[in-house]
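What follows is a short report on a single structure.
The values are calculated or read from the model by the stated rules, or taken from the named source; none is laboratory data. Because the structure is a prediction, the values reported are computed rather than measured. For neighbour counting, all protein chains shown are included, and Cβ atoms are generated from backbone atoms with ideal geometry for every residue, glycine included. With ligands, DNA and RNA removed, areas are computed over all heavy atoms of the protein, side chains included. Shrake-Rupley method; radii C 1.70, N 1.55, O 1.52, S 1.80 Å.
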Protein chains: 2
Amino acid sequence: MDNVSPIAPRPASDVASWDGEADVVVVGFGCAGASAAIEAAKGGASVLIIERAGAGGGASAMAGGEIYLGGGTPLQKACGFDDTPQAMYDFLAAATGPAPNEAKLSVYCERSVEHFHWLVGCGVEFKPSFYPTPCWEPPTDDGLVYTGGENAWPFCEIAPPAPRGHVPRIAGKRLMERSGGWELMRHLTAAAEARGVQVRTDSRVERLVVEASGEVVGVCGRSFGEGFAVRARRGVVLASGGFAANADMIALHAPAVAGQMLLGTDGDDGTSIRMGQGLGAQVARLEAAEAALPSVPLLVYPSILVDRFGQRFINEDTYCGRIGQAAVFHHDARCTLVLDEEIFESVPEADRWGARPTCVAGSVAELEQEMGFPDGSLQATVGLYNAHAARGEDPVFHKRAEFLRPLKAPFGAIDLGGLPYAVFTLGGLVTTVDGEVVGPGGRPLPGLYAAGRATSGIPSWGYASGTSLGDGTFFGRRAGRAAAKRP
Amino acid sequence: MDNVSPIAPRPASDVASWDGEADVVVVGFGCAGASAAIEAAKGGASVLIIERAGAGGGASAMAGGEIYLGGGTPLQKACGFDDTPQAMYDFLAAATGPAPNEAKLSVYCERSVEHFHWLVGCGVEFKPSFYPTPCWEPPTDDGLVYTGGENAWPFCEIAPPAPRGHVPRIAGKRLMERSGGWELMRHLTAAAEARGVQVRTDSRVERLVVEASGEVVGVCGRSFGEGFAVRARRGVVLASGGFAANADMIALHAPAVAGQMLLGTDGDDGTSIRMGQGLGAQVARLEAAEAALPSVPLLVYPSILVDRFGQRFINEDTYCGRIGQAAVFHHDARCTLVLDEEIFESVPEADRWGARPTCVAGSVAELEQEMGFPDGSLQATVGLYNAHAARGEDPVFHKRAEFLRPLKAPFGAIDLGGLPYAVFTLGGLVTTVDGEVVGPGGRPLPGLYAAGRATSGIPSWGYASGTSLGDGTFFGRRAGRAAAKRP
């Protein structure tokens, strides 16, 4: 058995006895699995979540916690922003392509306000205040933030911009440690418990169990060295995440991000995807991944980013996860931030996340030479940028005027080429809007559902912060509901 | 049943009677299928090829006919070029990545000279002469040509360059109509016939037939509206090509090339891949495609190519299929050739393939404005290029000195943005070096083999002309041999 191939199901006839059973069995206790469990239980099903770690949370609990919601949520309104499902759709269709998932986007945007209320109903609190400073995640307890470059080119011309990053309020927030994702999982866990959802931890699901008819009727796996098999009377929901922790799968399917840094847990090993494949499930976009630029927006926005040829390639004031994808997929992950002392000093040291100039120089020519850029290349780039910036314009990449100022001596450069991009995968199982896993003939595989990063979903290629917690919870709910209803 | 999902196999128990049988059944009569059939027959097997068109040939017969061979073939030696398997490997490993298929590359390079002799043994003739002019395919009957940018940066620094495009000699060659690929298929067809291979045309294979044990024992399909089922005593070889003719599969898996022009036949509909998936086969790199730049090397090499931001992005003297991939995957397929009158006039009209300037201008500033480039962008690019070219240098993208000359008035631009790129897909079934289709647990699916563009092979992502006919024939042979040997 290798670590990368489809996983064949186990015939039900091979299972001598079941170690447990439930109407709906959910694999993985991150936000998708929790949401599936809550809704399945609400639909009258007995539910068992099987989690390989010692407790729930997964990658969701490590997240900053932005949840991509919009279309006019109470939080958006309270902060004075207008939004519509159409504007939200238009932005996401442009930002998540190429080839956005139109069917999922439609229902996701249409029902986003309802989903906001559902989250609130689970106990999640959003403070009605907007955090305006460019950031990866708000250091404050403010509830609303821009997370996808909605107000930057080209999106600001495609759809009326509105912030859609909804951040759960958390007491004692500690960035990168205990943040909105942790808080989201705390509430979803409590909501699941309140609904009577059972949880089996320290148990690794390894195979689906399937009847000769092809119907999925359970899962089997291993816990502390002992095999177990659990029967699912109505359905199994796969929600154990993507495959960024599986280096072999990354090498095969998403080599552009090979060697970068995992953003997630070692449970993100692609097991859900591989179990689906073994049953003939369709997969999509396995090459796709989010790759966070290893810098902070406050430094990036007023500076210029150049590739190894000394050329700019994007407006630096867009979402830094979008910049990271552009850098990794289209520019060899070799880019350099070119700035000046004034920009560097304008960012408080605590907010620089340890960034230090690789090189400082009194002239661009000197910087160019010391950084090893091709002769004249950086000078041409900075010359053009500065000439435009002096007029408050960026006709090439359309950075907003508020972040435009000619760079001036002393200059500096921060080489991002050697720094790791934080990555997670976006491709996975193809599912219907109800979470059914699509198999041969385009038909749902009977009894099999999936949600979260085990599936190809809202961020089908392009990413915006909050779309993973967003589509994980949203389509997790729908998968749980559909599984509970199955006769 | 949709057009894009995995295709479930048909249980053998459902097949009441067989309409034919052979030891080895080959699906698709292009170069991979033909080579598999020849070698299976040579191995003692009775062989039946099933082809959906009225005759064999497929996309292979439409190809210019370059076959990527090297490591010191008699043709290379006769033309005065030194080459080694290692140099060939080093080039391909660099050119076909990210994530080249190392296992396949090793055996492909090690045994390339032997494969040359096999092709000659099938009747293919190579004229021992080198065609030096940059081209998509030689208009002459010369046998050897550069087809991958081996002598251009960065490859010329990675491995000793040698031309490896081996072009079958053909009487009455007609470019784009009856060329080396046609001739290759003529010889492979004759060789197959001479070995007693049977061919069933006008028959579309729709499903694999599988025993309850999972063993593939045949195929079934449709011919003039009538169903048929054919038994395969030893194995089935899937060789019906990629999926560039299937718009739905392109939209799902390879959206970067959606809307471009098919290079192939309408048989390239992904059926082989989908039948494999339905059995739990592993797939890889479905996002990958070759995309030929819609221009001719003679015009491109001495000019500059810029993206929509007016910036160069590659050395214009590399393989134009490589430039096409860069343009489509990394630069929105929106690029423009910027040249001058002298370059344009230096290319005979017949060799321009209809190219005409979109715009001519007396200055770069005027050209920039008329073509709608951002203010100053093209001027900066041409300024830097010209300053370097005047010294015979291109320190940014490393174009060779022989193609460097400052552009001068009158200037011209050819907008390639609206022109179609000729595309075919590169992703597909994962196979071992012996053509076994890899399924659950990393184990071969018993009785199932594949070759050619139905598989992910030598051009795993990056392309060089000749790697499709090359790996189709090479791994087709190995698949046929392995299938024939199966007990």
*In the range A:275-285, is there at least one residue being in a strand (DSSP E or B), within 30 Å of B:THR271 (Cα to Cα) and of a type outside the set (Ser, Thr, Tyr)?*
yes
*asked:* For the range B:386-414, give me the residue count where each residue is within 12 Å of chain A (Cβ to nearest Cβ), among the aliphatic types (A, V, I, L, M) and in contact (Cβ under 8 Å) with a residue 60 or more places away in the chain.
replied: 1
*Counted residues, the range B:312-321 - those being more than 14 Å from chain A (Cβ to nearest Cβ) and open to solvent by 10 Å² or more (accessible area, probe 1.4 Å)*: 1
*Is it the case that the range A:13-27 has a residue that's assigned to a helix (DSSP H, G or I) and over 23 Å from A:VAL120 (Cα atoms)?*
yes
*From the list B:ALA451, B:ALA484, pick out the single residue that is at pLDDT 95 or above and either in contact with a Phe, Trp or Tyr (Cβ under 8 Å, 6 or more places away or on another chain) or open to solvent by 10 Å² or more (accessible area, probe 1.4 Å) (or both).*
B:ALA451
*asked:* Considering only residues that are among the basic types (Lys, Arg) and part of a helix (DSSP H, G or I), which ones fall in the range A:466-487?
replied: A:ARG477, A:ARG478, A:ARG481, A:LYS485
*Hey, A:ALA22 hits all of (1) open to solvent by 10 Å² or more (accessible area, probe 1.4 Å); (2) of a type in the set (Gly, Ala, Ser); (3) more than 21 Å from the chain's Cα centre (by Cα) but one; which does it fall short on?*
(1)
_Being open to solvent by 10 Å² or more (accessible area, probe 1.4 Å) and in contact with a strand residue (DSSP E or B) (Cβ under 8 Å, 6 or more places away or on another chain) is the filter here; which residues of the range B:79-121 pass it?_
B:CYS79, B:GLY80, B:PHE81, B:PHE116
*Out of the residues in the range A:285-300 that are touching a Gly at 6+ places or on another chain (Cβ under 6 Å) and more than 10 Å from every other protein chain (Cβ to nearest Cβ), which is surrounded by the fewest Cβ atoms within 10 Å (Cβ to Cβ)?*
A:ALA292
*Close pairs (9 angstrom Cβ cut-off, 6 or more residues apart or separate chains): β-branched (Val, Ile, Thr) in the range A:81-93, part of a helix (DSSP H, G or I) and open to solvent by less than 40 Å² (accessible area, probe 1.4 Å) anywhere*: A:THR84/A:CYS109
*Only one residue in B:PHE309, B:PHE329 is under 24 Å from the mean Cα position of the chain (by Cα), modelled with pLDDT of 95 or more, within 14 Å of chain A (Cβ to nearest Cβ) and surrounded by fewer than 24 Cβ atoms within 10 Å (Cβ to Cβ). Which one?*
B:PHE329
*Please state which of the following conditions B:ALA212 fails to meet, knowing it meets all the rest: (1) of a type outside the set (S, T, N, Q); (2) farther than 26 Å from B:HIS115 by Cα; (3) in contact with a Cys (Cβ under 8 Å, 6 or more places away or on another chain).*
(3)
*For the range A:307-364, name all the residues that are under 15 Å from A:CYS135 (Cα atoms), of a type in the set (Asp, Glu) and without any contact (Cβ under 8 Å) to a residue 40 or more places away in the chain.*
A:GLU349
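Please specify each residue of the range A:42-57 satisfying the condition of being touching a Ser or Thr at 6+ places or on another chain (Cβ under 7 Å) and open to solvent by 30 Å² or more (accessible area, probe 1.4 Å).
A:ARG52, A:ALA53, A:GLY54, A:ALA55, A:GLY56
Restricted to the range A:264-284, and to residues that are within 11 Å of A:GLY242 (Cβ to Cβ) and within 14 Å of another protein chain (Cβ to nearest Cβ), which residue is most open to solvent (accessible area, probe 1.4 Å)?
A:THR271
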*asked:* I'm told A:TYR463 meets every condition in (1) open to solvent by 10 Å² or more (accessible area, probe 1.4 Å); (2) assigned to a loop (DSSP other than H, G, I, E, B); (3) in contact with a strand residue (DSSP E or B) (Cβ under 7 Å, 6 or more places away or on another chain); (4) within 14 Å of another protein chain (Cβ to nearest Cβ) except one. Can you identify the failing condition by its number?
replied: (4)
*asked:* What pairs come out if I take residues in the range A:129-158 that are within 14 Å of A:GLY64 (Cβ to Cβ) and pair them with residues that are among the acidic types (Asp, Glu) and crowded, with 22+ Cβ neighbours inside 10 Å whose C-beta lies under 6 Å away, six or more apart or interchain?
replied: A:THR147/A:GLU66
*Looking at the range B:70-170, what helices (runs of 4 or more DSSP H) fall wholly within it and have at least 1 residues that are within 30 Å of B:PRO302 (Cβ to Cβ) and within 14 Å of another protein chain (Cβ to nearest Cβ)?*
B:85-95
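Can you work out which of the residues in the range A:1-50 that are among the polar types (S, T, N, Q) and within 14 Å of chain B (Cβ to nearest Cβ) is farthest from A:GLY470 (Cα to Cα)?
Checked the range A:1-50; the qualifying residue farthest from A:GLY470 (Cα to Cα) is A:SER13.
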